[in-house]
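Encoded as structure tokens, the structure appears first; notes follow it.
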Amino acid sequence: MQRTALRRVATTAIALAALGLGTLATAGPASAAEKNGYLESGEFGLFFNTGPAGAVWDLYYQDVDFWGEKFPGPGNGTDDFVNDNTAGYNNRDSVRWWVYTDANAGGYEGSLPAGYIGNATATFKNKISSAYFYEAS
Ligand SMILES: [Ca+2]
Ligand SMILES: [Ca+2]
């Protein structure tokens, strides 16, 4: 999607700005990598436990179907399935994210603004199956 390309350009610009300030020298990975178990700036995180706590499913792009995927870890829930198995959010992206209780933006729709940290409500707890950085339904 066009918006995806724009987001990538913006992220690169920020990374270059950080490089100029020398802040990447101790920052670990040079750029965010989704689904690596570490919630980095620019990613949306779905957590195994409320809090949020435990293992995180860290997304940078939309994922239209969580089925068959597992938490990479570390943390409580490592190697457990992600689908219908997340209980908390931390949106470290600069844009709102949308979550759905079925794959392909089906079922109930919820959204979390940039910077949101909190627990899933009963409608969504252990029921989310897809997530997007745009409203998909
Ligand atoms: Ca990551
Ligand atoms: Ca998937």
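The values are calculated or read from the model by the stated rules, or taken from the named source; none is laboratory data. The shown structure was predicted, so the numbers you read here are calculated from the model rather than taken from an experiment. Note that each Cβ is placed from the backbone with ideal geometry, even for glycine, and that neighbours are counted across all protein chains shown.
Restricting attention to the range 105-128, the residues being touching a Ser or Thr at 6+ places or on another chain (Cβ under 6 Å) and either modelled with pLDDT under 95 or more than 17 Å from T50 (Cβ to Cβ) (or both) number 5.
Just one of the listed residues (R92, R96) is touching a Pro at 6+ places or on another chain (Cβ under 6 Å) and basic (K, R), namely R96. Only residues that are under 13 Å from G51 (Cα atoms) and hydroxyl-bearing (S, T, Y) were counted across the range 71-99, and they come to 2. Considering the range 55-137, the qualifying strands (runs of 3 or more DSSP E), each wholly inside and each with 3 or more residues that are in contact with a strand residue (DSSP E or B) (Cβ under 9 Å, 6 or more places away or on another chain) and touching a residue at least 60 places away in the same chain (Cβ under 8 Å), run over 117-119, 130-132. Looking across the range 70-99 at every residue that is among the acidic types (D, E) and out of contact with any Gly (no Cβ under 6 Å at 6 or more places or on another chain), the one that is nearest to A136 (Cα to Cα) is identified as D84.
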